[in-house]
Amino acid sequence: MSLDNVRSNSSIALEKLRQIVREHRDDVEWQLPPERELALSMGLGRRAVRRAMEVLEAEGLVWRQQGKGTFVGRRPALQPQFFGNLAERTNPSEVMEARLQMEPALARMAALRCSNEDIAALERLARKTIAASDDDGWELWDSAFHRRIAECAGNGLMLALFDIVQRIRQEPDWRQLRAMARTSERRARSHRDHEEIVAAIASRDGAAAERAMRRHLSAINADLQSIVLGSEAAEPASAPAARKSSVA
(Lines give C-alpha, C1' and ligand atoms only; values in the text may rest on other atoms or scores of the structure.)
Protein backbone atom coordinates (compact mmCIF):
# COMPACT_ATOMS: atom_id res chain seq x y z
CA MET A 1 0.00 0.00 0.00
CA SER A 2 1.35 3.42 -0.94
CA LEU A 3 2.07 6.12 1.64
CA ASP A 4 -0.74 8.24 0.18
CA ASN A 5 -3.22 5.42 0.72
CA VAL A 6 -2.06 4.98 4.32
CA ARG A 7 -2.56 8.68 4.94
CA SER A 8 -5.97 8.58 3.28
CA ASN A 9 -7.04 5.59 5.36
CA SER A 10 -5.76 7.24 8.52
CA SER A 11 -7.83 10.33 7.73
CA ILE A 12 -10.92 8.19 7.25
CA ALA A 13 -10.21 6.38 10.51
CA LEU A 14 -9.74 9.70 12.31
CA GLU A 15 -13.06 11.03 11.01
CA LYS A 16 -14.91 7.89 12.10
CA LEU A 17 -13.23 7.83 15.50
CA ARG A 18 -14.10 11.47 16.08
CA GLN A 19 -17.74 10.56 15.50
CA ILE A 20 -17.52 7.77 18.09
CA VAL A 21 -15.89 10.14 20.57
CA ARG A 22 -18.61 12.76 20.02
CA GLU A 23 -21.32 10.17 20.66
CA HIS A 24 -19.78 9.07 23.96
CA ARG A 25 -18.09 12.22 25.26
CA ASP A 26 -20.55 12.50 28.16
CA ASP A 27 -20.26 8.83 29.14
CA VAL A 28 -17.90 8.62 32.10
CA GLU A 29 -14.77 6.55 31.27
CA TRP A 30 -16.44 4.94 28.22
CA GLN A 31 -14.04 2.38 26.77
CA LEU A 32 -13.39 2.13 23.05
CA PRO A 33 -13.34 -1.31 21.43
CA PRO A 34 -9.87 -2.81 20.74
CA GLU A 35 -8.03 -1.58 17.65
CA ARG A 36 -8.65 -4.89 15.85
CA GLU A 37 -12.41 -4.58 16.29
CA LEU A 38 -12.40 -0.93 15.26
CA ALA A 39 -10.38 -1.74 12.13
CA LEU A 40 -12.78 -4.53 11.14
CA SER A 41 -15.87 -2.41 11.73
CA MET A 42 -14.41 0.43 9.64
CA GLY A 43 -13.04 -1.80 6.92
CA LEU A 44 -9.59 -0.28 7.43
CA GLY A 45 -6.17 -1.49 8.52
CA ARG A 46 -5.06 -1.51 12.15
CA ARG A 47 -2.16 0.77 11.27
CA ALA A 48 -4.56 3.47 10.07
CA VAL A 49 -6.64 3.12 13.24
CA ARG A 50 -3.52 3.26 15.41
CA ARG A 51 -2.32 6.46 13.70
CA ALA A 52 -5.72 8.09 14.13
CA MET A 53 -5.83 7.05 17.77
CA GLU A 54 -2.47 8.72 18.36
CA VAL A 55 -3.92 11.98 17.04
CA LEU A 56 -6.94 11.76 19.34
CA GLU A 57 -4.71 10.98 22.31
CA ALA A 58 -2.48 13.96 21.54
CA GLU A 59 -5.58 16.16 21.40
CA GLY A 60 -6.72 14.90 24.80
CA LEU A 61 -9.90 13.34 23.41
CA VAL A 62 -8.95 9.81 24.48
CA TRP A 63 -6.51 8.28 26.95
CA ARG A 64 -4.92 4.87 27.23
CA GLN A 65 -4.04 2.69 30.19
CA GLN A 66 -1.65 -0.19 29.69
CA GLY A 67 -3.43 -3.52 30.00
CA LYS A 68 -6.90 -1.97 30.20
CA GLY A 69 -7.58 -0.17 26.95
CA THR A 70 -8.50 3.22 25.53
CA PHE A 71 -11.09 5.51 27.08
CA VAL A 72 -12.99 8.56 25.85
CA GLY A 73 -12.17 11.85 27.55
CA ARG A 74 -9.18 13.26 29.37
CA ARG A 75 -6.91 11.07 31.43
CA PRO A 76 -7.80 11.25 35.16
CA ALA A 77 -5.50 13.76 36.79
CA LEU A 78 -4.37 11.26 39.42
CA GLN A 79 -4.41 7.48 39.53
CA PRO A 80 -6.18 5.68 42.43
CA GLN A 81 -2.97 4.23 43.90
CA PHE A 82 -1.81 7.77 44.64
CA PHE A 83 -4.37 8.13 47.40
CA GLY A 84 -3.25 5.21 49.56
CA ASN A 85 -5.38 5.20 52.70
CA LEU A 86 -6.24 8.89 52.49
CA ALA A 87 -9.96 8.14 52.85
CA GLU A 88 -9.19 6.57 56.23
CA ARG A 89 -7.22 9.62 57.37
CA THR A 90 -9.90 12.20 56.68
CA ASN A 91 -13.62 12.45 57.35
CA PRO A 92 -16.67 13.60 55.41
CA SER A 93 -16.85 16.91 57.26
CA GLU A 94 -13.40 17.78 55.95
CA VAL A 95 -14.42 16.65 52.48
CA MET A 96 -17.44 18.95 52.48
CA GLU A 97 -15.35 21.84 53.76
CA ALA A 98 -12.94 21.23 50.89
CA ARG A 99 -15.76 21.16 48.35
CA LEU A 100 -17.23 24.39 49.67
CA GLN A 101 -13.85 26.10 49.41
CA MET A 102 -12.88 24.69 46.03
CA GLU A 103 -15.91 24.17 43.80
CA PRO A 104 -17.43 27.67 43.97
CA ALA A 105 -14.04 29.01 42.87
CA LEU A 106 -13.92 26.44 40.06
CA ALA A 107 -17.37 27.53 38.89
CA ARG A 108 -16.24 31.16 38.84
CA MET A 109 -13.16 30.27 36.79
CA ALA A 110 -15.23 28.08 34.46
CA ALA A 111 -17.52 31.00 33.67
CA LEU A 112 -14.51 32.94 32.41
CA ARG A 113 -12.80 30.12 30.50
CA CYS A 114 -15.33 27.59 29.23
CA SER A 115 -16.20 27.18 25.55
CA ASN A 116 -19.63 27.00 23.97
CA GLU A 117 -19.06 23.27 23.60
CA ASP A 118 -18.40 23.02 27.34
CA ILE A 119 -21.65 24.82 28.10
CA ALA A 120 -23.59 22.48 25.81
CA ALA A 121 -21.96 19.51 27.57
CA LEU A 122 -22.94 20.86 30.99
CA GLU A 123 -26.54 21.25 29.83
CA ARG A 124 -26.55 17.64 28.60
CA LEU A 125 -25.03 16.35 31.83
CA ALA A 126 -27.59 18.23 33.92
CA ARG A 127 -30.39 16.60 31.90
CA LYS A 128 -28.82 13.15 32.23
CA THR A 129 -28.54 13.60 35.99
CA ILE A 130 -32.21 14.39 36.53
CA ALA A 131 -33.22 11.60 34.14
CA ALA A 132 -31.22 8.98 36.09
CA SER A 133 -33.55 6.23 37.28
CA ASP A 134 -31.51 5.06 40.29
CA ASP A 135 -28.98 6.33 42.82
CA ASP A 136 -26.02 4.84 40.98
CA GLY A 137 -26.99 6.68 37.80
CA TRP A 138 -27.49 9.92 39.71
CA GLU A 139 -24.03 9.59 41.30
CA LEU A 140 -22.47 8.91 37.91
CA TRP A 141 -23.95 11.87 36.05
CA ASP A 142 -23.81 14.28 38.98
CA SER A 143 -20.09 13.56 39.39
CA ALA A 144 -19.57 14.02 35.65
CA PHE A 145 -21.37 17.39 35.80
CA HIS A 146 -19.20 18.70 38.62
CA ARG A 147 -16.01 17.35 37.05
CA ARG A 148 -16.76 19.04 33.72
CA ILE A 149 -16.95 22.36 35.58
CA ALA A 150 -13.60 21.59 37.21
CA GLU A 151 -12.13 20.83 33.77
CA CYS A 152 -13.54 24.05 32.33
CA ALA A 153 -11.78 26.04 35.05
CA GLY A 154 -8.52 25.30 33.24
CA ASN A 155 -6.31 24.78 36.29
CA GLY A 156 -4.57 21.40 36.29
CA LEU A 157 -3.58 21.48 39.95
CA MET A 158 -7.09 22.30 41.13
CA LEU A 159 -8.46 19.57 38.88
CA ALA A 160 -6.08 17.09 40.52
CA LEU A 161 -7.29 18.18 43.96
CA PHE A 162 -10.88 17.87 42.80
CA ASP A 163 -10.18 14.30 41.67
CA ILE A 164 -8.75 13.43 45.09
CA VAL A 165 -11.96 14.60 46.75
CA GLN A 166 -14.09 12.73 44.23
CA ARG A 167 -12.21 9.47 44.81
CA ILE A 168 -12.71 9.76 48.55
CA ARG A 169 -16.43 10.43 48.07
CA GLN A 170 -16.82 7.07 46.32
CA GLU A 171 -16.40 5.18 49.59
CA PRO A 172 -19.46 2.85 49.90
CA ASP A 173 -20.56 4.20 53.31
CA TRP A 174 -20.53 7.76 52.03
CA ARG A 175 -22.44 6.87 48.87
CA GLN A 176 -25.07 5.12 50.99
CA LEU A 177 -25.53 8.19 53.17
CA ARG A 178 -26.05 10.41 50.12
CA ALA A 179 -28.63 7.95 48.78
CA MET A 180 -30.52 8.16 52.09
CA ALA A 181 -30.65 11.95 51.81
CA ARG A 182 -31.76 11.97 48.16
CA THR A 183 -35.55 12.44 48.00
CA SER A 184 -37.48 13.31 44.86
CA GLU A 185 -37.92 16.88 46.10
CA ARG A 186 -34.21 17.24 46.77
CA ARG A 187 -33.36 15.77 43.38
CA ALA A 188 -35.59 18.36 41.74
CA ARG A 189 -33.94 21.13 43.77
CA SER A 190 -30.47 19.91 42.80
CA HIS A 191 -31.52 19.92 39.16
CA ARG A 192 -32.71 23.52 39.48
CA ASP A 193 -29.38 24.34 41.14
CA HIS A 194 -27.50 22.74 38.25
CA GLU A 195 -29.52 24.76 35.74
CA GLU A 196 -28.78 27.96 37.66
CA ILE A 197 -25.05 27.15 37.73
CA VAL A 198 -25.00 26.45 33.99
CA ALA A 199 -26.95 29.63 33.23
CA ALA A 200 -24.45 31.71 35.20
CA ILE A 201 -21.50 30.04 33.46
CA ALA A 202 -23.14 30.52 30.06
CA SER A 203 -23.62 34.22 30.87
CA ARG A 204 -19.91 34.44 31.76
CA ASP A 205 -20.93 35.74 35.17
CA GLY A 206 -18.24 34.36 37.45
CA ALA A 207 -19.63 35.86 40.64
CA ALA A 208 -23.11 34.43 39.99
CA ALA A 209 -21.65 31.01 39.16
CA GLU A 210 -19.68 31.05 42.40
CA ARG A 211 -22.75 31.98 44.46
CA ALA A 212 -24.92 29.37 42.75
CA MET A 213 -22.41 26.61 43.40
CA ARG A 214 -22.01 27.61 47.03
CA ARG A 215 -25.78 27.58 47.57
CA HIS A 216 -26.01 24.18 45.88
CA LEU A 217 -23.31 22.58 48.04
CA SER A 218 -24.58 24.23 51.22
CA ALA A 219 -28.05 22.77 50.63
CA ILE A 220 -26.59 19.30 50.05
CA ASN A 221 -24.55 19.63 53.22
CA ALA A 222 -27.67 20.57 55.20
CA ASP A 223 -29.57 17.58 53.79
CA LEU A 224 -26.82 15.19 54.78
CA GLN A 225 -26.47 16.70 58.25
CA SER A 226 -30.17 16.18 58.85
CA ILE A 227 -29.79 12.48 58.03
CA VAL A 228 -26.81 12.14 60.35
CA LEU A 229 -28.52 13.90 63.24
CA GLY A 230 -31.51 11.62 62.82
CA SER A 231 -29.28 8.55 62.80
CA GLU A 232 -27.44 9.68 65.91
CA ALA A 233 -30.70 10.29 67.77
CA ALA A 234 -32.03 6.87 66.80
CA GLU A 235 -28.83 4.92 67.52
CA PRO A 236 -26.66 6.71 70.13
CA ALA A 237 -24.31 3.71 70.44
CA SER A 238 -23.33 3.95 66.80
CA ALA A 239 -22.84 7.72 66.79
CA PRO A 240 -19.08 7.64 66.10
CA ALA A 241 -19.59 5.52 63.00
CA ALA A 242 -22.42 7.71 61.81
CA ARG A 243 -20.35 10.82 62.36
CA LYS A 244 -17.58 9.42 60.18
CA SER A 245 -20.01 9.31 57.26
CA SER A 246 -21.72 12.55 58.12
CA VAL A 247 -21.43 14.67 55.01
CA ALA A 248 -20.12 14.90 51.46
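A few notes on this one:
- Of the residues making up the stretch 145-152, none is basic (Lys, Arg) and over 19 Å from Asp27 (Cβ atoms).
- Contacts under 6 angstrom Cβ, first residue in the stretch 158-181 being outside any helix (DSSP H, G or I), partner crowded, with 17+ Cβ neighbours inside 10 Å, 6 or more apart: Glu171/Ala87
- Qualifying residue in the stretch 120-134 (condition: under 28 Å from Leu86 (Cα atoms) and of a type outside the set (Val, Ile, Thr)): no
- Filtering the stretch 182-209 to residues that are in contact (Cβ under 8 Å) with a residue 40 or more places away in the chain and of a type in the set (Val, Ile, Thr) leaves Ile197, Val198, Ile201.
- Answer residue from the stretch 156-200, given it is surrounded by 15 or more Cβ atoms within 10 Å (Cβ to Cβ) and among the polar types (S, T, N, Q) and is farthest from the chain's Cα centre (by Cα) among those: Ser190
- With respect to (1) within 24 Å of Ile164 (Cα to Cα); (2) at pLDDT 90 or above; (3) surrounded by 16 or more Cβ atoms within 10 Å (Cβ to Cβ), the lone exception for Gln101 is condition (3).
- Of residues in the stretch 21-34 being touching a residue at least 24 places away in the same chain (Cβ under 8 Å) and assigned to a helix (DSSP H, G or I), the one surrounded by the fewest Cβ atoms within 10 Å (Cβ to Cβ): His24
- Tally, over the stretch 35-64, of residues that are closer than 29 Å to Thr129 by Cα and surrounded by 13 or more Cβ atoms within 10 Å (Cβ to Cβ): 6
- Set Ala144, Ala153: member being touching a residue at least 40 places away in the same chain (Cβ under 8 Å) and either surrounded by fewer than 18 Cβ atoms within 10 Å (Cβ to Cβ) or closer than 12 Å to Arg108 by Cα (or both): Ala153
- Test: residue in the stretch 120-131 that is touching a Cys at 6+ places or on another chain (Cβ under 9 Å), farther than 27 Å from Arg89 by Cα and free of Cβ contacts under 8 Å to residues at least 60 places away in the same chain: no
- Residue in the stretch 128-142 that is under 23 Å from Arg186 (Cβ atoms), of a type in the set (Ser, Thr, Tyr) and in a loop (DSSP other than H, G, I, E, B) present: yes
- Among residues of the stretch 76-92 being in a helix (DSSP H, G or I) and crowded, with 18+ Cβ neighbours inside 10 Å, the one that is modelled with the highest pLDDT is Pro92.
The values are calculated or read from the model by the stated rules, or taken from the named source; none is laboratory data. Values in this document were obtained by computation on a predicted structure and should not be read as measured data. Quick reminder, even Gly has a Cβ in these numbers, built from the backbone with ideal geometry, and neighbours come from all protein chains shown.
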